[in-house]
Structures are given as structure tokens and as C-alpha cells.
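Just so it is clear, none of the values below were taken in a lab; they were calculated from the coordinates. The structure presented is a predicted model; accordingly, all values stated were derived computationally and were not measured. When we count neighbours, we look across all protein chains shown, and the Cβ atoms used for this are built from the backbone with ideal geometry, even at glycine.
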Amino acid sequence: METKICHFCANKMDKIDYKDAYLLRRFMNSQGKIYPPKRHGTCTKHQRNLSNAIKRARVMALVPFVVK
């Protein structure tokens with residue numbers, strides 16, 4: 001089984017900016033749902049930070065809640 005490396009650990013990113021909508025959309029599917037950590041290989045620390053950033057971006061209308 002291939003082990004995936006966390007994108008944020010590999011790039012040494014401490015904070016995930018909720019204003020970077022392009023980065024956040026990489027971790028969401030076409031319907032606006034957040035991908036699980038197994039899909040992209042994010043570690044638990046960064047998955048928590050990522051989900052919080054996506055939720056903040058949704059409230060600020062940078063990324064959609066649901067795509068119809």
C-alpha cells in the first residue's frame with residue numbers, strides 16, 4: 001500500500017489560510033464536501049485545521065456550501 005505524505009507537512013505550512021480558496025478547493029469534491037484524510041493523505045492535525053479553514057471560507061462566501 002502506498003503511503004501518502006501530508007501536503008501541508010511536506011511544504012512546511014504551519015497555518016492554513018481560509019482566504020486561499022484555490023488551495024481549499026483541492027480538498028473538496030465537486031459537490032462542496034470535504035474529502036476525508038485518507039483521500040489526500042493529510043495528517044490529523046492538518047485535517048482539523050483544513051476543515052476549520054473550509055468552514056470559515058464557507059461563511060465568508062469564498063467557497064460554496066453546496067453546489068447544485
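If you sort the three axes of the alpha carbon gyration tensor as a ≥ b ≥ c, you get a/c of 1.5 or more for the range 7-59 and a/b no higher than b/c, which makes it oblate. The residues packed around Lys38, meaning those with a beta-carbon under 13 Å from its beta-carbon, carry a net charge of +1 if Lys and Arg are +1 and Asp and Glu are -1. Here the simple spin-label model places points 7 Å from the Cα toward Cβ, and for Val59 and Tyr22 these points are separated by 2.6 nm.
Label-to-label distance for Val67 and Asn52 is 2.7 nm, based on points extended 7 Å past Cα in the beta-carbon direction.
What is the local net charge at Cys9, summed over the other residues whose Cβ is closer than 15 Å to its Cβ (Lys, Arg +1; Asp, Glu -1)? If you can, show how the numbers build up before the last one.
On the way: positive: Lys4, Lys12, Lys15, Lys45, Arg48; negative: Asp14.
My count for the surroundings of Cys9 gives +4.
The count of lysine pairs in the chain whose Cα atoms are under 29 Å apart, excluding pairs fewer than 8 places apart on the same chain, comes to 27.
The angle between the Cα long axis of helix 44-59 and the main principal axis of the chain comes to about 10°, on a 0 to 90 degree scale. Summed over qualifying helices (DSSP H, 4 residues or more, each -39500 (n - 2.57)) and divided by its residue number, the chain shows a 222 nm mean residue ellipticity of -11000 deg cm²/dmol. Extension gain for Asn11-His40 works out to 9.0 nm (0.36 nm per residue, less the C-alpha to C-alpha distance).
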